[in-house]
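Any read-out appearing in this document is the output of simple, stated calculations on the displayed coordinates, not a laboratory observation. Worth saying up front: this structure is predicted, and the values here are computed from it rather than measured. Please note: Cβ atoms are built from the backbone with ideal geometry, for glycine as well, and neighbour counts cover all protein chains shown.
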Amino acid sequence: MKKINPRIRAHWLMRFLRLPILIFLLLPILTKAQSIETTNTHSIIVGFYNFENYYDTTNQMNVADEEFLPNSAKGYNSMRYNNKSAQLASVIYGIGKINNAKGIALLGIAEVENKMVLKKTSR
């Protein structure tokens, strides 16, 4: 096997690594310069929250909500529903105040029975 001259090997290694090293050294400086220039920016909040079985206490014919009715084994009632509504509203309000933002710009949600139940949290 032919041996490569160490000077040639070093030359090609430096040529190959020149750009990654330059990027590694300049990237922190460039990002710091951008953050200094943009001092008058406003935060927006984009999030996702799982409401974890947020059902009301009325029976919906097109929804499998039998375990969240007052006569179910879980004993789900209007008091539990109202408490959950208040807690969810508090959490969403708190998310909207992160970094002194002016509310949530976009919120993805999961496990909500219907639109009427969702409107309850916005009151």
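Only Cα pairs under 8 Å and 6+ residues apart enter the sum, and on that basis the relative contact order of the range 45-121 stands at 47 percent. Divide the volume of the convex hull around the Cα atoms of the range 45-121 by the residue count and you get 84 Å³ per residue.
Annotated for the range 45-121: lysine pairs at least 8 residues apart or interchain, Cα distance under 22 Å, count 10. Were the residues from residue 7 through residue 52 laid out at 0.36 nm apart, the gain over their Cα-Cα distance would be 9.8 nm. Amide H contacts of residue 49: 108, 109, 110, each under 5 Å away and 5 or more positions distant or on a separate chain (H built 1.01 Å from N in the peptide plane; Pro and chain starts excluded). Here the simple spin-label model places points 7 Å from the Cα toward Cβ, and for residue 122 and residue 74 these points are separated by 2.4 nm. Extension gain for the segment residue 83 to residue 97, taken as residue separation times 0.36 nm less the Cα-Cα distance, is 2.9 nm to one decimal.
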